[in-house]
C-alpha cells in the first residue's frame, strides 16, 4: 500500500476514534460520566502518557483539576494567569504546544512570563516533557482547559493532534454547559415538590422558584429565607408549607419558652448547634423534642441519638434557621430574655415607618426599656461580640440616607446593617444613655464606657466615642473590650526563634524596662499579658494599672485607672511603689510624668512593663527622648522594645504558587539584599501563598490575624547611642546590627511560611 494511502487510512481511523469519543461525551447524562469517560481513554486517543482536565472557577479566577491521570496528587489548582502553561492557555484562549517543558527559552518564546512548575514532577516522580494545552469555551465563556502530556513516541504533538484536541475541547465545552444548564433545571424540579403548597395556592409560581434557585444568596442563607426576603412569601405560609412537606409540627420562636436542663445543654456547644441548625427544645412525657431546619435528615437523627442515648424516643420538629438561632441564644443565655432575639432585620421591620420623628421626642423614647431602638442597639452589640468584632461604627448621613452600621473584623471594616434614616438621632442617643453621656450635647465629642451586663446578658464592656459630623449629626464608635479574657500562651504569639529567645531573657531580668509599641488595636496589651504570664508565679508580686482591665490573670493585682477623678497611670504607679511590687505593668506611657516614674521604678529594682503608641522600635527611643526623659537614666533602664502590627492570617483554603524571577528579585530588594543573604534562604526555594476564599472565611481568603514583630535590644552600643541622643537612622542601623529584623522583614518571612501574604504585609508595614 502506498505511503499516502497508509497515512490516509490512519487519519480515517483517528477520525473515527475521535467521533466515537465525541458521541460518548454527548450521550452522557451528568458531568461525572463525561469526565470518567475522558479519564479512561483520552490519553490513548492522542498516544499520550497523561491527561488533565481543568474546569474554570471564575469567582476565584482559578483552574481546578477535575480529571488527572495518575494517583500521586489528588487535585491541582492554578491561577488563570500568564505564568503557568494551563493558566496561559486559559488567559489567552489559544492552544499552546510545548516540545520541552524544561526548556526556559522555548517557554519565553511562547509567553514572556511563562514558567513550568517543576514541583509537581518532584512530588509525583513523573517527568513532564511535551505539553499540549487547549482551551474549552462555550460562546464567550471559559469552561476550562484540556492538558495532554508526553507523546509516547517522544516527539512533539503534531498539527493534527492540535486540530483534533480542539474539536474534542469544543464538544466537551458544549456538553459541560448543557449538563450544567440541565442541573439547574432539575434543581428547580426538585424544589417544586418541596414547595407544592405554595405552588398550589398560587402564592408563587415556577418562575419565582427558578429565580430563587439561582439567587446569589440562596447558597449562603437558604432558599426559605430568600423566598421570604426577596419574593414576599409570609412566614406563616412558608411554615405551613414546610410542615406539610416534612410531615411534622413546625414551630416559631417563643421568648417565654421554659428553660432546658443544664445537663442537656452541656453536652453540645452552641457553636456546633448554630453550624448544624438544631437545638434541644423540650422534654415531654419522657420524649426529647428537637427542633431543626430539616426534620427528615436521618444522619442528624443518628447523631442526636448518640448524644442523648438515654432517650428512647426523640421527636424532631421543624423550624426556621433564625428561630433556631434565637432558641440557642435563649437557652444558652446569649439573648436578653428574648428582648433582643430574632434577626436584626426582624427588629428593623418593627421600627415605626411613619414620617421622620422629631429629634427631641425620639431621644426621649430611647430610655424606654421596651423600645425597639433599645432592642436594636442591644442586638447590634450582641452580634458584634458573637462575631469577634473589635469596633462598631454607627454612621448617620445628612438627608434621607440610611444610617450605616459597620463592624471591624480582623482589622477590616464591613457593612453590617443599614437602618432607616429616621433613627439617625435615636441610636446615638440610646448609646449615650447607656454610658451616661449628655444626650443634649451634640456639638462636641464625648467619651464614655458601657458595662453591657447592666443592659443584656453578656459580661462585656465597650469604650464609646461620639464625634460630631456634618449635618448636626453624631458618629459613634464603640470598641468591644472582651472583659475577663485569659492571657494568650507565650508560644502562641508568633514570635520568631530569635525574638522569642531574647524577649524571654529580658522578662526574666530582676529589673529594667520592657516596652511594647504599636498603633491602637495592634495587640500590645495581649502581648504584655502573655509575657507577664511567663513570670506570674506565687513568689512574684505583680501590680498592673490598666484602662480598662481587659485580660485577667489569677495572681495579678489589677487596677482600673479613673483619670476623671485624678487616679491616672502616674498616680497608680506611685501607689504601687508603696505596695511592695516585684513587677509593675502600666497600661500606657501617655505623658512625661508616667514615663519618668516608670524609668525611675525600673532603676530601683523593679521590672516594669508598658506600652506606647509609636510606629517602630527605633522611633520609640526618639519619642521618649523628645518627652525630655533623662537619656542616661533611660539608657540604663531599657531592656528591650518590641514593636508589632497585626496582619490578616491566610485561611486554610490558600493556594501555593511559585513567584517569578522578577518577583523574587523585588522581594529580596524589599527585604534588603545583605540581610536576605544572611537568612540562608535559597531564592529558588521560595514559595508564596495566595488568598482564595471559602465558606469558612466568608470568601475573603483570610481568617484571624497574626503578629509581625521587631525587637530592639538595649545592648551596650545601643545605650551609647541613646545617651548621645543619636538620629533615628543610627539607632535603626545599630538595632539591625544587634540582630533585629524589621516589621516588614518579619512579615516577609511569615509569607514564606504561608501564614500571610505580601499584600497584607505591605498594608501594615512601610519599612
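Readers should treat all values here as calculations from the given coordinates under stated rules, not as data from a laboratory. Just so it is clear, the structure is predicted and the values come from calculations on it, not from any experiment. Heads up, the Cβs are rebuilt from the backbone with ideal geometry, glycines too, and the neighbour counts pull from every protein chain shown.
What shape does the range 81-149 have by the C-alpha gyration tensor, where a ≥ b ≥ c are the square roots of the eigenvalues, rounded means a/c under 1.5, and otherwise prolate means a/b greater than b/c and oblate the rest?
prolate
What percent do you get for the relative contact order of the chain when only Cα pairs under 8 Å and 6+ apart count?
Value for the chain: 6 percent.
Mean shadow of the range 195-245, computed from the convex hull of its alpha carbons, in nm²?
Computed as one quarter of the Cα hull surface, the answer is 3.2 nm².
Could you work out the relative contact order of the range 633-723, using alpha carbon pairs under 8 angstrom and six or more residues apart, expressed as a whole percent?
Relative contact order for the range 633-723 comes out at 52 percent.
Taking every DSSP beta bridge with both residues inside the chain, roughly what % is antiparallel (nearest 5)?
Counting only bridges with both partners in the chain, antiparallel ones make up about 70 percent.
For a quick check: sort 198, 515 by the number of other beta carbons within 10 angstrom, fewest at the front.
Values: 198 23, 515 26.
By the 10 Å Cβ count, ascending: 198, 515.
Would you mind classifying the range 677-717 by shape? Square roots of the alpha carbon gyration tensor eigenvalues, ordered a ≥ b ≥ c; an a/c under 1.5 is rounded, otherwise it is prolate if a/b is larger than b/c and oblate if not.
Because a/c hits 1.5 or more and a/b fails to exceed b/c, the range 677-717 counts as oblate.
Computed from these coordinates, which is Kirkwood radius over Cα pairs in Å: (i) 31.5; (ii) 29.9; (iii) 26.8?
Among (i) 31.5; (ii) 29.9; (iii) 26.8, the one calculated here is (i).
Taking neighbour counts of Cβ atoms within 10 Å as a proxy for exposure, in what order, fewest first, do 758, 209 appear?
Values: 758 19, 209 22.
Arranged by neighbour count, lowest to highest, 758, 209 become 758, 209.
Could you work out how far the C-alpha centroid of the range 261-325 sits from that of the range 373-438, in angstrom?
34
Residues of the range 274-300 with backbone nitrogen within less than 11 Å of a virtual label 7 Å along the Cα-to-Cβ line of residue 306, please, listed as ranges.
299-300
Length gain on complete extension for the stretch residue 682 to residue 234, per 0.36 nm per residue less the alpha carbon to alpha carbon distance? Each step should come with its number before you reach the end.
Values: separation 448, 0.36 × 448 = 161.28 nm, distance 6.33 nm.
Residue separation times 0.36 nm, minus the Cα-Cα distance, leaves 155.0 nm.
Determine the calculated [θ] at 222 nm for the chain from helices alone, applying -39500 (n - 2.57) to every DSSP H run no shorter than 4 residues and normalising by the residue count; nearest 500 deg cm²/dmol. Each step should come with its number before you reach the end.
Numbers: 31 runs with 320 residues, N = 767.
One gets -12500 deg cm²/dmol as the mean residue ellipticity at 222 nm.
Hey, what did the range 242-336 get for relative contact order, percent, Cα under 8 Å, at least 6 apart?
36
Quick one: if the Förster radius is 41 Å, what FRET efficiency do residue 205 and residue 406 give, using the C-beta to C-beta distance and rounding to 0.05?
0.60
Find how many whole Å separate the alpha carbon centroid of the range 205-255 from the alpha carbon centroid of the range 133-164.
One Cα centre to the other: 46 Å.
Using Cβ counts within 10 Å as a stand-in for footprinting exposure, how do 297, 447, 391 rank, fewest first? Before the final figure, lay out each step's value.
Numbers: 297 16, 447 11, 391 20.
Lowest to highest Cβ neighbour count: 447, 297, 391.
Distance between the C-alpha centers of the range 669-735 and the range 568-597? Whole Å please.
31
Sort the range 617-686 into rounded, prolate or oblate with this rule: let a ≥ b ≥ c be the square roots of the eigenvalues of the Cα gyration tensor; rounded if a/c is under 1.5, and if a/c is not under 1.5, prolate when a/b is larger than b/c, oblate otherwise.
Numbers: a/c = 3.51, a/b = 2.19, b/c = 1.60.
Judged from the Cα gyration tensor, the range 617-686 comes out prolate (a/c at least 1.5, a/b above b/c).
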